[in-house]
Amino acid sequence: MKRLFSMILAGAVCLSALPAVRAAGRTAPGISAASAVLMDAASGRVLYEKDSHTHRLIASITKLMTALVALESGHALDETVTVAPEWTGAEGSSLYLRPGEEITLEALLYGLLLRSGNDAALAVAGNCGGTVERFVAEMNEKARELDMKDSRFANPSGLNADGHYSSAYDMALLARACLENETLAKIAATKSITLGTRTFTNHNKLLWRYEGCIGLKTGFTEKAGRTLVSAAERDGMTLICVTLNAPNDWQDHASLFDYGFANYQPERLTCEEEVLCRLPADGSLLSFCPVAAERTVSLCLTSGETVRQELALDFAALTAPVPLGTRVGEAVFYMENEVLARVPLVTASELRHDLAPERKLFPWLSAR
């Protein structure tokens, strides 16, 4: 089955085509969660949602943000943290840290994400933020950076508090960022580890129960109910699942992953090795300057879906000199009127005044 794609070129010559998609059909499952999202990790496309923007208590899946902000703070994993008295005695799950105890930041992060230690959350926040309050402010700043519009954090642990909430969709956005952080993704995917005198075993049973599961975090309070953020990989596709207030969360995630893997497959829409068009060039040895995508774009698609690609260019022609990698527009991918992805378009050759041979962005581009 082939697709047709419309192109807006503004004086450019199109050279690209996109692949067809095949996938098995299946009805979306019924789930127990009050709110849920199934998302394509590569593109952020939502494949399934249920009440996904409602503000809800999120319990210990909060600790994904705590870990991400800590890892981006510049503190080294082997840094020794001296436990302050105010970081100990937290209610709920705990590492039972002692005042004055010395422990590495790495061990605290494993204790945070695997055992869900609330005292570990306070220690990570206090150490990496200077104060817990300052660290929580950084969590909220990171939420704004990730466009988590339905989220606000009041503490680093996820214990119930006024003004502490998120949504299923926002937590999926956070999960995407967590998977892009190699250290966090590694910790969240660890089943069990011994560091120093402590052994940490992951509370996420999907790591054992669901083929391809790679994390991420469980949560529970009586008011929030069971909360879960997980991710799974199969056949080159990574899916993220979030459920909030889900009495049967393990089954919900398995069912939603099964639905996603059965119905969707990853399709490469464009890649940085692909010249999408050429712009007329003046004052250079080149008559036309090749224009390529700045990065690879993949998207989960299912049978019968049609994607339209439009090239929105900022110039009808280029005049030398133009540096290599200059942005000249963007490629936009639509399904009907919905924007699914955007990627910057850049010059793939340098245009020089002196007509000297151009320097190539991609070695496979031969001189023309």
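Side notes on the structure shown:
- Charge-dipole axis of the chain as Lys and Arg at +1 and Asp and Glu at -1 on Cβ define it, positive-most pick from A34, I187, A67: A34
- For the residue pairs K63/K142; K186/K223; K50/K217; K63/K186, the C-alpha atoms sit more than 22 angstrom apart in K186/K223.
- Under 5 Å from the amide H of L269 lie the amide H atoms of V297, S298, L299, each residue being 5 or more positions distant or on a separate chain, with H modelled from the backbone and absent for Pro and chain starts.
- With contacts taken as Cα pairs under 8 Å and at least 6 residues apart, the chain reaches a relative contact order of 21 percent.
- Computed packing ranks the peptides 126-133, 30-37 as 30-37, 126-133, most packed first, by mean other Cβ atoms within 10 Å.
- Taking a point 7 Å out from the Cα of A84 in the direction of its Cβ, the residues of segment 115-134 whose backbone N falls within less than 13 Å of it are 122-134.
- Once the chain from E338 to E133 is taken as fully extended at 0.36 nm per residue, the excess over their C-alpha distance is 69.9 nm.
- With coordinates expressed along the principal axes, the C-alpha atoms belonging to segment 219-368 extend over 71, 34, 28 Å, beginning with the largest.
- Rounded tilt (10° steps) of 249-263 against the dominant C-alpha axis of the chain: 10 degrees
- For the chain, the longest principal axis of the alpha carbon atoms and the long axis of helix 132-145 meet at an angle near 30°.
- Packing, as the average of other Cβ atoms within 10 Å across residues, places the peptides 169-180, 60-71, 214-225 in the order 60-71, 169-180, 214-225, highest first.
- Total charge dipole magnitude, the chain, about the Cα centre, Cβ charges on Lys, Arg, Asp, Glu only, Debye to nearest 20: 760 debye
- Taking Lys and Arg as +1 and Asp and Glu as -1, the other residues whose beta-carbon sits under 15 Å from that of A316 total -1.
- Principal-axis tilt of helix 118-129 within the chain, Cα atoms, nearest 10 degrees: 50 degrees
- For segment 123-210, the Kirkwood estimate of the hydrodynamic radius, built from every pair of different alpha carbons, is 14.8 Å.
- Per residue Cα convex hull volume in Å³ - calculated over the chain: 157 Å³
We did not get these values from a lab; they are worked out from the coordinates using the rules stated. Please read these numbers as outputs of a predicted model, since none were measured by experiment. So basically every Cβ, Gly included, is an ideal-geometry build from the backbone, and we count neighbours across all protein chains shown.
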